[in-house]
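Here's the structure, in C-alpha coordinates; my notes come after.
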Amino acid sequence: MRLPGLRIGAVVLLLTACAQAGERCALVWTRGVNEHPEWCEAFQKAGFDSLTVKLPPTARDTLWWTNPSSLDSTNALLAEAHRTNLRGYFQIPLGMMTGTKFGPRTMTAAGFTESLLACPLNEEFWEKYLIPTLSFVARKSLDHPALKGVILDTEQYYGKERSGAINEHYCFCDACFSEFFKSRGIREALPTPAARQPWLESNDLLAAYWQHLEDRTREHFQRLAKSIQEIAPDFEIHFYIFEDTWFYRGLLKGLSVTKHPVFVFDGKTYNGFLKGWSKEAKSALARLNHRAVWVPGFYTATLNLRALRINIRKALEDGGSYWVYNEEEPFPFAEF
(Lines give C-alpha, C1' and ligand atoms only; values in the text may rest on other atoms or scores of the structure.)
Protein backbone atom coordinates (compact mmCIF):
# COMPACT_ATOMS: atom_id res chain seq x y z
CA MET A 1 0.00 0.00 0.00
CA ARG A 2 1.23 3.50 -0.83
CA LEU A 3 0.08 6.60 0.96
CA PRO A 4 0.90 9.28 -1.63
CA GLY A 5 1.14 13.00 -1.68
CA LEU A 6 2.01 14.05 1.87
CA ARG A 7 5.12 15.49 3.44
CA ILE A 8 6.48 14.31 6.74
CA GLY A 9 5.77 17.70 8.34
CA ALA A 10 2.09 17.30 7.49
CA VAL A 11 1.75 14.19 9.62
CA VAL A 12 3.58 15.37 12.72
CA LEU A 13 0.33 16.68 14.20
CA LEU A 14 -1.44 13.55 13.00
CA LEU A 15 0.79 11.12 14.87
CA THR A 16 2.31 13.06 17.75
CA ALA A 17 1.31 11.44 21.03
CA CYS A 18 0.93 13.26 24.32
CA ALA A 19 2.95 10.49 25.88
CA GLN A 20 4.45 10.41 29.32
CA ALA A 21 7.71 8.46 29.10
CA GLY A 22 7.21 4.89 30.15
CA GLU A 23 3.45 5.10 30.65
CA ARG A 24 2.19 5.48 27.07
CA CYS A 25 3.39 4.22 23.74
CA ALA A 26 3.30 5.23 20.07
CA LEU A 27 4.93 2.30 18.31
CA VAL A 28 5.66 1.38 14.71
CA TRP A 29 5.88 -2.31 13.75
CA THR A 30 7.03 -2.81 10.18
CA ARG A 31 8.88 -5.09 7.84
CA GLY A 32 12.28 -3.95 6.62
CA VAL A 33 13.11 -1.92 9.71
CA ASN A 34 16.32 -3.84 10.56
CA GLU A 35 17.73 -3.12 7.12
CA HIS A 36 16.74 0.55 7.20
CA PRO A 37 17.95 2.26 10.38
CA GLU A 38 17.74 5.56 8.48
CA TRP A 39 13.95 5.32 8.81
CA CYS A 40 14.26 6.11 12.52
CA GLU A 41 14.46 9.86 12.01
CA ALA A 42 11.27 9.88 9.93
CA PHE A 43 9.51 7.74 12.54
CA GLN A 44 10.54 10.12 15.30
CA LYS A 45 9.39 13.18 13.34
CA ALA A 46 6.05 11.48 12.67
CA GLY A 47 5.42 11.16 16.40
CA PHE A 48 6.44 7.58 17.11
CA ASP A 49 8.42 6.99 20.27
CA SER A 50 9.01 3.24 19.89
CA LEU A 51 9.68 0.58 17.26
CA THR A 52 9.93 -3.18 17.05
CA VAL A 53 13.24 -4.87 16.32
CA LYS A 54 12.76 -7.89 14.09
CA LEU A 55 14.54 -11.17 14.69
CA PRO A 56 17.39 -11.93 12.26
CA PRO A 57 16.61 -14.26 9.31
CA THR A 58 18.45 -17.13 11.04
CA ALA A 59 15.67 -17.19 13.64
CA ARG A 60 13.71 -19.57 11.46
CA ASP A 61 16.17 -22.43 11.72
CA THR A 62 18.77 -21.79 14.42
CA LEU A 63 19.26 -20.60 17.97
CA TRP A 64 19.93 -17.04 16.81
CA TRP A 65 20.74 -15.74 20.27
CA THR A 66 23.85 -17.98 20.33
CA ASN A 67 25.14 -16.41 17.11
CA PRO A 68 26.02 -12.72 17.70
CA SER A 69 27.02 -12.23 14.06
CA SER A 70 23.38 -12.70 13.07
CA LEU A 71 22.49 -9.54 14.99
CA ASP A 72 24.54 -6.99 13.04
CA SER A 73 21.47 -5.36 11.54
CA THR A 74 19.77 -5.05 14.92
CA ASN A 75 22.85 -3.36 16.39
CA ALA A 76 22.82 -0.69 13.67
CA LEU A 77 19.09 -0.13 14.13
CA LEU A 78 19.43 0.22 17.90
CA ALA A 79 22.26 2.71 17.49
CA GLU A 80 20.11 4.88 15.23
CA ALA A 81 17.09 4.46 17.50
CA HIS A 82 19.18 5.77 20.38
CA ARG A 83 20.32 8.76 18.32
CA THR A 84 16.72 9.65 17.48
CA ASN A 85 15.34 8.99 20.98
CA LEU A 86 13.26 5.93 20.03
CA ARG A 87 12.68 2.95 22.29
CA GLY A 88 13.39 -0.46 20.75
CA TYR A 89 11.60 -3.73 21.55
CA PHE A 90 12.57 -7.15 20.21
CA GLN A 91 9.66 -9.12 18.74
CA ILE A 92 9.74 -12.61 20.26
CA PRO A 93 7.32 -15.06 18.57
CA LEU A 94 5.65 -17.83 20.56
CA GLY A 95 3.83 -19.41 17.64
CA MET A 96 6.37 -19.49 14.84
CA MET A 97 10.07 -19.85 14.00
CA THR A 98 12.50 -21.41 16.47
CA GLY A 99 10.11 -21.56 19.40
CA THR A 100 7.88 -24.07 17.68
CA LYS A 101 10.63 -26.71 17.81
CA PHE A 102 10.77 -27.14 21.58
CA GLY A 103 8.56 -29.31 23.71
CA PRO A 104 5.51 -31.45 22.96
CA ARG A 105 2.97 -30.18 20.45
CA THR A 106 -0.14 -28.36 21.54
CA MET A 107 -3.49 -30.13 21.14
CA THR A 108 -6.82 -28.56 20.24
CA ALA A 109 -10.17 -29.12 21.89
CA ALA A 110 -11.06 -31.40 18.97
CA GLY A 111 -8.09 -33.63 19.81
CA PHE A 112 -5.98 -32.45 16.87
CA THR A 113 -2.23 -32.24 17.40
CA GLU A 114 -0.78 -29.04 15.92
CA SER A 115 2.56 -30.24 14.56
CA LEU A 116 3.98 -26.72 14.18
CA LEU A 117 2.91 -25.31 17.56
CA ALA A 118 4.56 -26.08 20.88
CA CYS A 119 2.48 -26.50 24.01
CA PRO A 120 2.70 -23.02 25.60
CA LEU A 121 3.04 -24.46 29.11
CA ASN A 122 5.63 -27.16 28.54
CA GLU A 123 8.84 -26.82 30.58
CA GLU A 124 11.07 -27.59 27.59
CA PHE A 125 9.52 -24.72 25.62
CA TRP A 126 10.27 -22.35 28.50
CA GLU A 127 13.68 -23.66 29.53
CA LYS A 128 15.15 -24.10 26.04
CA TYR A 129 13.47 -21.27 24.17
CA LEU A 130 11.59 -18.55 26.01
CA ILE A 131 13.81 -17.97 29.04
CA PRO A 132 17.12 -18.16 27.08
CA THR A 133 15.75 -15.81 24.42
CA LEU A 134 14.61 -13.13 26.85
CA SER A 135 17.76 -13.56 28.94
CA PHE A 136 19.89 -12.89 25.87
CA VAL A 137 17.93 -9.77 24.92
CA ALA A 138 18.03 -8.55 28.54
CA ARG A 139 21.81 -8.86 28.62
CA LYS A 140 21.99 -7.13 25.24
CA SER A 141 19.96 -4.23 26.63
CA LEU A 142 22.73 -3.47 29.12
CA ASP A 143 24.94 -2.39 26.19
CA HIS A 144 22.22 -0.74 24.07
CA PRO A 145 20.43 2.17 25.80
CA ALA A 146 17.65 2.22 23.18
CA LEU A 147 16.76 -1.45 23.79
CA LYS A 148 14.11 -1.39 26.48
CA GLY A 149 12.58 -4.86 26.32
CA VAL A 150 10.57 -7.35 24.29
CA ILE A 151 7.13 -7.74 22.79
CA LEU A 152 5.96 -11.35 23.02
CA ASP A 153 4.10 -12.17 19.82
CA THR A 154 1.64 -14.73 21.14
CA GLU A 155 -0.31 -15.29 17.92
CA GLN A 156 -0.35 -18.96 16.88
CA TYR A 157 0.46 -18.30 13.24
CA TYR A 158 1.10 -21.86 12.10
CA GLY A 159 -2.03 -23.47 13.50
CA LYS A 160 -3.54 -25.76 10.87
CA GLU A 161 -6.90 -26.19 12.60
CA ARG A 162 -7.02 -22.59 13.77
CA SER A 163 -4.58 -19.72 14.19
CA GLY A 164 -4.85 -16.67 16.41
CA ALA A 165 -4.81 -16.04 20.14
CA ILE A 166 -4.13 -18.74 22.72
CA ASN A 167 -7.64 -19.37 23.95
CA GLU A 168 -10.01 -22.18 24.94
CA HIS A 169 -9.12 -23.89 21.67
CA TYR A 170 -5.90 -25.05 23.42
CA CYS A 171 -4.38 -26.96 25.20
CA PHE A 172 -5.52 -30.54 25.74
CA CYS A 173 -2.17 -32.29 25.31
CA ASP A 174 -1.16 -35.29 27.43
CA ALA A 175 1.15 -33.19 29.60
CA CYS A 176 -1.45 -30.53 30.41
CA PHE A 177 -4.20 -33.05 31.03
CA SER A 178 -2.02 -35.39 33.12
CA GLU A 179 -0.89 -32.50 35.29
CA PHE A 180 -4.49 -31.46 35.84
CA PHE A 181 -5.44 -35.01 36.84
CA LYS A 182 -2.53 -35.13 39.27
CA SER A 183 -3.47 -31.77 40.82
CA ARG A 184 -7.02 -33.06 41.43
CA GLY A 185 -5.96 -36.50 42.66
CA ILE A 186 -7.72 -38.21 39.75
CA ARG A 187 -6.26 -41.67 39.16
CA GLU A 188 -8.23 -42.89 36.16
CA ALA A 189 -6.74 -43.18 32.67
CA LEU A 190 -6.72 -40.11 30.46
CA PRO A 191 -9.65 -39.85 28.06
CA THR A 192 -8.81 -40.05 24.38
CA PRO A 193 -7.81 -36.66 22.93
CA ALA A 194 -11.15 -35.90 21.28
CA ALA A 195 -13.02 -36.92 24.44
CA ARG A 196 -11.14 -34.67 26.87
CA GLN A 197 -13.27 -31.55 26.69
CA PRO A 198 -16.52 -33.57 26.78
CA TRP A 199 -15.14 -35.46 29.82
CA LEU A 200 -14.45 -32.18 31.60
CA GLU A 201 -17.91 -30.89 30.79
CA SER A 202 -19.65 -34.07 31.92
CA ASN A 203 -17.74 -33.98 35.23
CA ASP A 204 -18.33 -30.24 35.74
CA LEU A 205 -14.58 -29.63 35.65
CA LEU A 206 -14.12 -27.42 32.58
CA ALA A 207 -13.89 -24.19 34.59
CA ALA A 208 -11.45 -25.87 36.95
CA TYR A 209 -9.32 -26.94 34.00
CA TRP A 210 -9.09 -23.40 32.62
CA GLN A 211 -8.22 -22.15 36.10
CA HIS A 212 -5.47 -24.76 36.35
CA LEU A 213 -3.96 -23.65 33.03
CA GLU A 214 -4.25 -20.00 34.07
CA ASP A 215 -2.45 -20.68 37.35
CA ARG A 216 0.35 -22.52 35.57
CA THR A 217 0.70 -19.65 33.08
CA ARG A 218 0.92 -17.14 35.94
CA GLU A 219 3.64 -19.22 37.63
CA HIS A 220 5.64 -19.44 34.40
CA PHE A 221 5.55 -15.70 33.77
CA GLN A 222 6.32 -14.80 37.38
CA ARG A 223 9.39 -17.03 37.21
CA LEU A 224 10.38 -15.54 33.86
CA ALA A 225 9.96 -11.94 35.01
CA LYS A 226 11.95 -12.48 38.19
CA SER A 227 14.81 -14.19 36.37
CA ILE A 228 14.99 -11.37 33.81
CA GLN A 229 14.92 -8.69 36.50
CA GLU A 230 18.03 -10.26 38.01
CA ILE A 231 19.82 -9.56 34.72
CA ALA A 232 18.35 -6.13 33.91
CA PRO A 233 16.06 -4.66 36.59
CA ASP A 234 14.43 -2.16 34.21
CA PHE A 235 13.85 -4.60 31.35
CA GLU A 236 10.29 -4.47 29.99
CA ILE A 237 8.07 -7.37 28.90
CA HIS A 238 5.02 -6.56 26.77
CA PHE A 239 2.86 -8.66 24.44
CA TYR A 240 0.79 -8.65 21.27
CA ILE A 241 -2.80 -9.89 20.84
CA PHE A 242 -5.32 -10.17 23.64
CA GLU A 243 -8.41 -12.16 24.56
CA ASP A 244 -9.83 -12.60 28.04
CA THR A 245 -8.80 -16.27 28.21
CA TRP A 246 -6.78 -18.48 30.57
CA PHE A 247 -3.44 -17.74 28.89
CA TYR A 248 -3.71 -13.95 28.88
CA ARG A 249 -5.18 -13.85 32.37
CA GLY A 250 -2.21 -15.85 33.61
CA LEU A 251 0.23 -13.78 31.55
CA LEU A 252 -1.03 -10.47 32.93
CA LYS A 253 -1.12 -11.73 36.50
CA GLY A 254 2.37 -13.16 36.16
CA LEU A 255 3.80 -9.89 34.83
CA SER A 256 2.29 -7.98 37.75
CA VAL A 257 5.57 -8.64 39.59
CA THR A 258 7.38 -6.26 37.20
CA LYS A 259 7.73 -2.59 38.07
CA HIS A 260 6.96 -1.26 34.60
CA PRO A 261 3.66 -0.81 32.75
CA VAL A 262 2.73 -3.77 30.53
CA PHE A 263 1.76 -2.66 27.04
CA VAL A 264 -0.89 -4.89 25.49
CA PHE A 265 -0.66 -4.38 21.73
CA ASP A 266 -4.13 -5.25 20.52
CA GLY A 267 -4.78 -6.34 16.94
CA LYS A 268 -8.57 -6.37 17.06
CA THR A 269 -8.55 -2.71 16.07
CA TYR A 270 -6.57 -3.17 12.85
CA ASN A 271 -9.53 -1.94 10.80
CA GLY A 272 -10.35 0.83 13.27
CA PHE A 273 -11.84 0.99 16.74
CA LEU A 274 -14.39 -1.70 17.42
CA LYS A 275 -17.55 -0.47 19.09
CA GLY A 276 -17.33 -1.16 22.81
CA TRP A 277 -14.06 -3.07 22.59
CA SER A 278 -11.93 -0.32 24.13
CA LYS A 279 -14.04 -0.33 27.31
CA GLU A 280 -14.26 -4.11 27.37
CA ALA A 281 -10.53 -4.67 26.87
CA LYS A 282 -9.44 -2.02 29.37
CA SER A 283 -11.86 -3.36 31.98
CA ALA A 284 -10.40 -6.85 31.63
CA LEU A 285 -6.83 -5.57 31.81
CA ALA A 286 -7.49 -3.47 34.92
CA ARG A 287 -8.92 -6.51 36.65
CA LEU A 288 -5.82 -8.60 35.90
CA ASN A 289 -2.92 -6.14 36.12
CA HIS A 290 -3.41 -2.57 37.31
CA ARG A 291 -0.36 -1.41 35.32
CA ALA A 292 -1.47 -2.89 32.00
CA VAL A 293 -1.88 -0.34 29.20
CA TRP A 294 -4.21 -1.15 26.32
CA VAL A 295 -2.65 -0.09 23.01
CA PRO A 296 -4.94 -0.23 19.93
CA GLY A 297 -3.24 -1.05 16.65
CA PHE A 298 -3.96 0.12 13.10
CA TYR A 299 -2.99 -1.67 9.89
CA THR A 300 -1.92 0.38 6.86
CA ALA A 301 -3.22 -2.26 4.43
CA THR A 302 -6.81 -1.71 5.59
CA LEU A 303 -6.86 1.97 6.57
CA ASN A 304 -6.23 4.87 4.20
CA LEU A 305 -4.49 7.96 5.52
CA ARG A 306 -7.73 9.75 6.43
CA ALA A 307 -9.01 6.74 8.37
CA LEU A 308 -5.62 6.33 10.04
CA ARG A 309 -5.74 9.98 11.12
CA ILE A 310 -9.21 9.58 12.62
CA ASN A 311 -8.33 6.41 14.50
CA ILE A 312 -5.05 7.73 15.90
CA ARG A 313 -6.83 10.87 17.11
CA LYS A 314 -9.42 8.66 18.79
CA ALA A 315 -6.65 6.55 20.35
CA LEU A 316 -4.96 9.66 21.74
CA GLU A 317 -8.26 10.80 23.24
CA ASP A 318 -9.04 7.32 24.55
CA GLY A 319 -5.79 6.57 26.35
CA GLY A 320 -2.82 8.24 24.71
CA SER A 321 -1.31 5.10 23.15
CA TYR A 322 -1.46 3.50 19.72
CA TRP A 323 0.60 1.42 17.35
CA VAL A 324 0.76 1.04 13.58
CA TYR A 325 1.43 -2.23 11.76
CA ASN A 326 2.72 -2.16 8.20
CA GLU A 327 3.86 -4.86 5.75
CA GLU A 328 4.73 -2.60 2.83
CA GLU A 329 8.36 -2.04 1.86
CA PRO A 330 9.50 0.64 1.80
CA PHE A 331 7.53 1.90 4.76
CA PRO A 332 4.84 4.30 3.43
CA PHE A 333 5.90 7.15 5.69
CA ALA A 334 9.25 7.24 3.90
CA GLU A 335 7.27 8.59 0.92
CA PHE A 336 6.07 11.67 2.77
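The values are calculated or read from the model by the stated rules, or taken from the named source; none is laboratory data. If you're wondering where the values come from, they're calculated on a predicted model, not measured in any experiment. Please note: Cβ atoms are built from the backbone with ideal geometry, for glycine as well, and neighbour counts cover all protein chains shown.
So the values come out like this:
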{"item": "Count of residues meeting criterion [in contact (Cβ under 8 Å) with a residue 24 or more places away in the chain and either of a type in the set (D, E) or closer than 17 Å to N167 by Cα (or both)] in the range 195-204", "result": "2"}
{"item": "Residue that is modelled with pLDDT of 80 or more and surrounded by fewer than 22 Cβ atoms within 10 Å (Cβ to Cβ), where the choices are G95, G9, G32", "result": "G32"}
{"item": "Residues (under 22 Å from L224 (Cβ atoms), charged (D, E, K, R) and either more than 22 Å from the chain's Cα centre (by Cα) or surrounded by 21 or more Cβ atoms within 10 Å (Cβ to Cβ) (or both)) located in the range 141-176", "result": "D143, K148, D153"}
{"item": "Tabulated pairs, the range 113-130, first basic (K, R), second surrounded by fewer than 20 Cβ atoms within 10 Å (Cβ to Cβ), C-beta under 9 angstrom, 6+ apart or interchain", "result": "K128/L63; K128/K101; K128/F102"}
{"item": "Lone unmet requirement of (1) assigned to a helix (DSSP H, G or I); (2) surrounded by 13 or more Cβ atoms within 10 Å (Cβ to Cβ) for E201", "result": "(2)"}
{"item": "Pairs with Cβ under 8 Å, 6+ apart, first in the range 206-218 and touching a residue at least 40 places away in the same chain (Cβ under 8 Å), second surrounded by fewer than 21 Cβ atoms within 10 Å (Cβ to Cβ) and among the hydroxyl-bearing types (S, T, Y)", "result": "W210/T245"}
{"item": "Test: residue in the range 177-192 that is more than 18 Å from the chain's Cα centre (by Cα), surrounded by fewer than 20 Cβ atoms within 10 Å (Cβ to Cβ) and touching a residue at least 40 places away in the same chain (Cβ under 8 Å)", "result": "yes"}
{"item": "From the options S115, S135, residue that is under 30 Å from H82 (Cβ atoms) and either in a strand (DSSP E or B) or at pLDDT 90 or above (or both)", "result": "S135"}
{"item": "Test: residue in the range 60-78 that is touching a Leu at 6+ places or on another chain (Cβ under 7 Å) and modelled with pLDDT of 95 or more", "result": "yes"}
{"item": "Verdict on V295 being among the β-branched types (V, I, T) and touching a His at 6+ places or on another chain (Cβ under 9 Å)", "result": "yes"}
{"item": "Pair list, Cβ under 9 Å, 6 or more apart: the range 268-291 residue of a type in the set (V, I, T) and at pLDDT 95 or above, other residue surrounded by fewer than 17 Cβ atoms within 10 Å (Cβ to Cβ) and not in a loop (DSSP other than H, G, I, E, B)", "result": "T269/W277"}
{"item": "Tabulated pairs, the range 234-248, first under 21 Å from L51 (Cβ atoms), second hydroxyl-bearing (S, T, Y) and in a loop (DSSP other than H, G, I, E, B), C-beta under 6 angstrom, 6+ apart or interchain", "result": "F239/T154; I241/T154"}
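One line per residue, one yes/no per condition, for (1) more than 16 Å from R24 (Cβ to Cβ); (2) surrounded by 17 or more Cβ atoms within 10 Å (Cβ to Cβ):
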| position | (1), (2) |
| --- | --- |
| I241 | yes, yes |
| L251 | yes, yes |
| F265 | no, yes |
| K275 | yes, no |
| R287 | yes, no |
| A292 | no, yes |
| V295 | no, yes |
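Here is a yes/no grid of residues against (1) in a loop (DSSP other than H, G, I, E, B); (2) under 12 Å from the mean Cα position of the chain (by Cα); (3) charged (D, E, K, R):
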residue	(1), (2), (3)
Q222	no, no, no
A225	no, no, no
D234	yes, no, yes
F242	yes, yes, no
R249	no, no, yes
L255	no, no, no
K268	yes, no, yes
F273	yes, no, no
